Amino acid sequence: MRRLAIVLTLAALGGGCATTGWLGSKPEESRPAPPAPMLARADELLRQGQPLAARDLYTRITSEPELDAMHARALYSLARLYTDPSSGLRDYRAAHKAFDRLLKDYPKGEWDADARAWQAALSDLAAREVELEARDGELGVREAEMARLRSEAARLGADLQRLRKVDLNLERRR
């Protein structure tokens, strides 16, 4: 969790530096083009708390074949939407795919540093999820073994009680 917070902080700083030209890009290159009406509408829907409608518009924009600034911004916004836990659309695999597509289609784009940081964080998270699933499986096996051992212990305890009674009966007969 701490590593994720560090990565997210670095991503935010990297994104800020990229837009101010600190990372070698010229300020005029890093300025996004004015958003098209559909992209502006998607952003507005997101601000109004309508993530499903915003996602649908972002998806529609990203499905278009044109590779321009609007397309890149929509990809980035869609990926960020999938990482936002408050949106109700959290899907880390879809976010990773969107960031991957953004980096593939726009390798030297405005959101390059942010996308790489998010990809690293999401990859780390995915690895932890796989590890957690493995441990959950291991826990299930151990719980089943524990239940079997408890059952066996109960059976052995009942056998012990029965043998004590038999032993007492034998003692009484002598």
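Quick notes
- Among Met70, Met146, sorting on how many other beta-carbon atoms sit within 10 Å of each Cβ, with the fewest leading, yields Met146, Met70.
- For the pair Asp68 and Ala144, label points projected 7 Å from Cα toward Cβ lie 5.8 nm apart.
- Volume of the convex hull of the range 111-174 (Cα atoms only), normalised per residue: 48 Å³.
- Ranked list, fewest to most other Cβ atoms within 10 Å of each Cβ, for Asp43, Asp105: Asp105, Asp43
- Whole-Å distance, taken between Cα centres, linking the range 70-131 and the range 134-174: 53 Å
- Remark: spin-label model distance Asn169-Ser86 equals 7.4 nm, labels positioned 7 Å along the Cα→Cβ axis.
Laboratory data are not the source of any read-out in this text; all were calculated from the coordinates shown. Note that the structure is predicted; figures quoted are calculated from it, not measured. Glycine also receives a Cβ, built like all others from the backbone with ideal geometry; neighbour counts cover every protein chain displayed.
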